[in-house]
Amino acid sequence: MRPFFLILLLLAVPPAFAQDSKKEIERYQRMIADSSPAELYELAGEAAWKKPQGPNKVSLERCDLGLGAGVVKGAYAQLPRYFKDADRVMDLETRLLHCMLTLQGRSREEATKRVYGNEDVASEMENLAAYIVGESRGAPMAAGDTHPKEKAAYALGKKLFFYRAGPWDFSCASCHGEKDKRIRMQDLPVLSSAAAGPSVATWPAYRVSSSQMKTMQWRLNDCYRQMRMPEPDFASDATIALALYLTVNGKGEPYRGPGTKR
Amino acid sequence: MAEPMKIRAVQKGDVTDVRVLMVHPMETGQRKDTSGNIVPTHFIQEVSVRLNGKSVLEGQISQAVSRNPVFSFRLKGAKVGDKIDIAWLDSKGERSQSDAVIA
Amino acid sequence: MNSLRRSTLQFAAALTAGLLLPLRALAAWNKDAFGAKTAADALKGLGVGASAESKDIVIDAPQIAENGAVVPIEITSNLTNTKSIVVVIEKNPFPLTAKFDFGEGALPYVKVNVKMGESSFVRVLAEAGGKFYSASKEVKVTIGGCGG
């Protein structure tokens, strides 16, 4: 009778362990967010924002991120959105690029020469992103979803999200379209609904595994790489549409970036 | 010239919470760069914390401390307005020092 | 006297007068202990003797770390007169990770982010009242996600 009882006990362990693992990993995620080097990038970003550059020798301080020229506080929370002066929907990085070109007079080639940095030296975009998003901490996410071009971008983003292609016939939905999926110990969040909230509220993020600040443009680019599909161009319509789709899904979530992730 | 540290010192009752973010690669000598070459060791070895000019904490650390180290310490007997300064020395002989006032 | 002898004497004088001492005397880094490949050798190098297990050393660390590059460890010693704390990560190639000496103005407390090569016990030793005490906690290290 005894061995039978012990076997029952052993069979009862696995699901409990899985739940504990999830809780423990969440605890780890809270602990690393608490003592994160992400702040260093915010400081570097603030300096970059204020640095006069380009042929026009001006800083980005008059850049309009959607709330008026130079208004950084709360600006990220309403991105991506339609911008009248460019007559298109833009995400943070696209808008920064726009300001670099129009305000500072820089060339697209120069401004996008090194959009992703490394563990020793972050890119200008990464630093700027960290600073600007930090200034939206606590704000409820409210990406644009009323203007016709915003609605069109949402529709395109949604279509791309579910579009299967590449050698593995993957789409974003393959990993992020269904509940309770995981890769190794990593829980995969659903991104095609309001469940996208916590994810969009914590990007860009400092990745401890690579010691780098990773932006949303990078995240989308890397997802395509992981699906073995051609990587999208920086600040392309596809990436903006996807970013808007995800962020609109997470509407209302209090922003808490820049995040810290594995 | 080493990157400056970010120090935050906050008085909470009798205790001062000190948090310092340092900028340093803390290379273990086991990592390979994108060309496949080993990146040589380069890490902070000694850390010193002073309160109003007097040493209160001395640390010796290894390359196993994470890149861009973040430390938290707690002091006693200090008050708002007191000065904290933190210095480090690394394996290449490079130094850095930053200070902050307790808020 | 020739100029070399004169300058050597001047140098020696300046050194003695403290003019050429380093700006800041930091606790000298214990090369042998930090270079030791086993926890036992590292502790020997530090002069840490036999230690008694103590619940007064509190280690707050994640049970599972999603990535070994950053594992936050928070240590509090409730032992009276804690002079120093030593952190050893048993399975790391060089187990000795840190030693903190506390002066009068510091509480025996530290939080530090460490690198762990694999799942391992994190051992903390404290010297208090002339004796050594220890505690340990196991941290499991995983690799999350797609590696991206």
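What follows is calculated from the coordinates using simple rules that are stated; it is not laboratory data. Bear in mind that the values here come from a model prediction, so they are computed numbers and not experimental data. Note: ideal-geometry Cβ built from the backbone for every residue, glycine included; neighbour counts use all protein chains shown.
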>> Within 10 Å of each Cβ in A:33-44, how many Cβ atoms from other chains are there, averaged over the peptide?
In response: 5
>> With angles folded into 0 to 90 degrees, how steeply does helix A:216-226 sit against the dominant principal axis of chain A? Use alpha carbons for both and round to 10.
In response: 50 degrees
>> Compute the distance from the alpha-carbon center of region C:108-135 to that of region A:138-187, in whole Å.
In response: 44 Å
> Using the Cβ atoms and a cut-off under 12 Å, what net charge is assigned to the surroundings of A:P52, where Lys and Arg are +1 and Asp and Glu are -1?
Replying inline: +4
> Stretched out fully, how many nm does the piece from A:A152 to A:R114 gain, at 0.36 nm a residue minus the Cα gap?
Replying inline: 10.7 nm
>> Whole angstrom only: what separates the Cα centroid of region C:24-94 from the Cα centroid of region B:1-62?
In response: 16 Å
> Got the relative contact order for chain A handy, in percent, Cα pairs under 8 Å and 6 or more residues apart?
Replying inline: 23 percent
> Counting Lys and Arg as +1 and Asp and Glu as -1, what is the net charge of the other residues whose Cβ lies under 12 Å from the Cβ of A:V121?
Replying inline: -4
> So how tilted is helix A:2-34 from the main axis of chain A? Cα-based, degrees 0 to 90, rounded to 10.
Replying inline: 20 degrees
>> Report the rotationally averaged projected area of the protein assembly as shown based on its alpha-carbon convex hull, in square nanometres.
In response: 33.1 nm²
> Taking neighbour counts of Cβ atoms within 10 Å as a proxy for exposure, in what order, fewest first, do A:H98, A:H147 appear?
Replying inline: A:H147, A:H98
>> If you filter region C:44-102 for trypsin sites (Lys or Arg not before Pro), then keep DSSP loop positions with at most 16 other Cβ within 10 Å, what is left?
In response: C:K55, C:K91
> At q = 0.20 Å⁻¹, what base-10 log of I(q)/I(0) does the Debye formula yield for chain B when every alpha carbon is treated as an equal point scatterer in vacuo?
Replying inline: -0.95
>> Could you check the spin-label model distance between C:A50 and B:K79? Points 7 Å from the Cα along Cα→Cβ, value in nm.
In response: 4.8 nm
>> To make sure I understand, if each residue's beta carbon is the centre and we count other beta carbons within 10 Å, what order do A:W203, A:W168, C:W29 fall in, fewest to most?
In response: A:W168, C:W29, A:W203
> What is the order of A:F162, C:F34, fewest Cβ neighbours within 10 Å to most?
Replying inline: A:F162, C:F34
> Which whole-number value in Å³ per residue fits the convex hull of the alpha carbons of region A:37-261?
Replying inline: 115 Å³
